[in-house]
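Single-structure report; data block below.
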Amino acid sequence: FQNEINEVPFFDVQLPYELALKIFQYLGKAELGRCAQVSRTWKILAEDEVLWYRLCQQEGYLLDTSISDHSCWKLALKNCRAREHMLKTNWKNRVGAVSQLRYEPGRVLCAVSCCDGVVMAGYSSGEVRLWDTRTWDYTAPVLAAVAGAGALPHVSFVRINSSLAVAAYEDGSVSVWSLLLGQEPIHHFQHNQHIQALALAPGGAAVATASGFQVKVESPDDKGFWQTSGTFEIQKLVNFLNLVPDVTGRPVAVAAAEDIVYLLKAEDPGRILHSVYGQPVTCLDVAAHQTAFGIKTFGWLLNEPNQVLLYNLETNQCVTKVGNSIGDFSCVNLHSSPPNMLVAGNKDRRVRVFDLRCAQAVCSVYGHQLGVSAVQMDEWKIVSGGEEGLVCVWDQRMATKLWEMHARHPVRHVWFNSHSLITANIPEEKNPRGSSISDDDPSLHRKYRGVIYSYEFSVDQLAVDSVLPICRSSYDELTGYNYNIGLAVPYDSI
């Protein structure tokens with residue numbers, strides 16, 4: 001009957017089907033369900049595929065599909081919402097699979113970066129490895145070597161995006177690989193001094209490095225040949241460096257050198273974004289149009305607490321100041337936070353979520369004994385890592401801890417999406433005492449090496465082998481509630 005309907009009864013008038021469909025497009029799921037019970041004609045109209053396809057797109061599901069990809073978009077939306085609810089339940093109860101991304105014995109983990117589930121790790125042997133966690137069968141992780149074996153210096157920094165992988169070494173050399181072309185670097189350049197910072201554009205092909213008092217930006221030209229697109233002289237040594245995403249034309253970098261923050265553009269190379277003597281920058285993050293950084297106060301400025309400043313990169317003006325803390329802000333995440341939100345970790349062991357519209361903290365949680373070293377948030381949860389090696393997952397609205405996992409070394413990297421979580425515990429000491437001088441000696445104990453953990457929460461809940469093992473317990477109670485976890489030590493026998 002749907003093809004035979006030309007006019008739809010709307011109370012005392014008859015409207016054409018296209019006009020009635022245009023009215024119904026302003027209704028939500030509940031309203032369409034009520035309208036479907038009015039009459040047979042309204043039911044056909046309320047279940048039109050165009051309406052449910054738009055609802056699916058508005059809620060952020062199946063954005064890369066067309067209307068012809070599914071025969072029933074109402075059912076597709078229902079399945080997407082059920083999957084999202086299942087993932088949220090698995091996150092809260094930590095039901096899923098956990099895997100360790102380990103390299104061959106005797107190598108110390110030096111640096112980790114992640115992009116869309118692809119993990120890049122650099123080791124003390126000078127080698128760089130890639131894991132694609134999206135293609136696992138949870139028995140044998142896919143391991144691909146980016147750099148060949150050889151007597152290379154330690155890896156200082158690694159960065160990865162959707163198309164490029166970059167590694168900086170202790171001797172000042174930098175290598176760039178294409179994820180599409182294979183193991184041979186497509187670009188290589190050398191600095192005369194140690195590299196203090198490395199940055200890679202999140203969605204583009206630009207690499208920035210800071211060595212000594214110089215910041216160099218490398219990018220390919222129209223023909224694909226890499227060249228130096230900008231060289232900037234800085235008055236002090238750079239501590240933090242980021243490239244601004246989504247920039248058309250020449251790359252734009254933000255660099256923090258002690259108590260000065262620079263906005264490095266090719267047309268205006270020496271612009272100082274922020275500078276207050278005696279207030280060094282302790283952390284930095286950059287989004288498309290804004291940058292956030294923490295500042296530390298000393299001596300006669302103790303009456304002014306440590307804060308996080310937010311600057312607009314288009315007007316070069318300070319938008320807002322948030323935070324009033326005695327401790328130093330050790331990490332800040334702006335680019336992956338929800339709109340108008342900012343999350344920051346502090347050495348006072350707290351994680352704070354700020355609403356930038358009112359410049360106030362909407363959530364503050366306490367859970368790390370040696371300070372917060374990495375943090376990320378989304379609409380409902382926060383994942384934080386501490387210097388003591390603890391990874392905590394928090395419910396933002398309830399300000400409560402959902403669960404925690406522990407490893408030996410400080411957490412230096414945290415990344416998650418809707419269904420997976422990747423954390424990296426990187427040792428401070430890259431040449432531990434007692435290890436052999438030979439690179440081929442596998443006798444280095446695993447407690448010195450560091451580890452990368454990958455959690456997957458979208459697996460079958462009934463699989464016993466996929467349940468996350470418990471790593472920390474106070475053993476205070478005789479019988480424990482297992483939170484759907486396979487206990488490593490039974491409570492009953494203690």
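The values are calculated or read from the model by the stated rules, or taken from the named source; none is laboratory data. Fair warning: this is a prediction, and the values are worked out from it, not measured in the lab. Because the Cβ atoms are built from the backbone with ideal geometry, glycine has one as well, and the counts that use them run over all protein chains shown. Please note that ligands, DNA and RNA were not included when accessible areas were found on the heavy atoms of the full protein model with its side chains. Shrake-Rupley method; radii C 1.70, N 1.55, O 1.52, S 1.80 Å.
Here are a few things to note about the model shown:
- Surface share of carbon and sulfur [accessible, 1.4 angstrom probe, percent] for region 279-406: 50
- Per-residue packing, averaged as other Cβ atoms within 10 Å, sorts the ranges 30-41, 45-56 into the order 45-56, 30-41, beginning with the highest.
- Restricting region 191-230 to chymotrypsin sites (Phe, Trp or Tyr not before Pro) that sit in a DSSP loop and have at most 12 other Cβ atoms within 10 Å of their own Cβ leaves 225.
- Cα-based shape type of region 294-356, given that a ≥ b ≥ c are square roots of the gyration tensor eigenvalues and the cut on a/c is 1.5: oblate
- Rolling a 1.4 Å probe over the protein heavy atoms of region 1-102, with every protein chain left in place, gives an accessible area that is 53 percent carbon and sulfur.
- Cα-based convex hull volume of region 366-431 per residue, rounded to whole Å³: 77
- For the pair residue 236 and residue 163, label points projected 7 Å from Cα toward Cβ lie 3.6 nm apart.
- In terms of overall dimensions, the C-alpha atoms belonging to region 221-325 reach 55, 25, 18 Å along their principal axes, ordered largest to smallest.
- Two-decimal Rg/Rh across region 329-371, once Rg and the Kirkwood Rh are taken from alpha-carbon atoms: 0.98
- Kirkwood-based Rg to Rh ratio, region 311-401, C-alpha trace: 0.97
- Note on region 186-271: percent of Cα-Cα distances in each 10 Å bin, starting at 0 and stopping at the bin with the largest distance, equals 18, 55, 25, 2.
- Taken per residue, the accessible surface of region 279-406 reaches 40 Å², heavy atoms only and a 1.4 Å probe.
- The largest-to-smallest principal axis extents of the Cα set in region 248-299 are 43, 21, 12 Å.
- Rg to Rh, two decimals, where region 66-124 supplies the alpha carbon set and Rh follows Kirkwood: 1.23
- Portion, in percent, of the accessible area of region 149-255 that falls on carbon or sulfur, probe 1.4 Å: 49
- Subset of 29/78; 296/381; 78/401; 88/401 violating a 22 Å alpha-carbon distance limit: 296/381; 78/401
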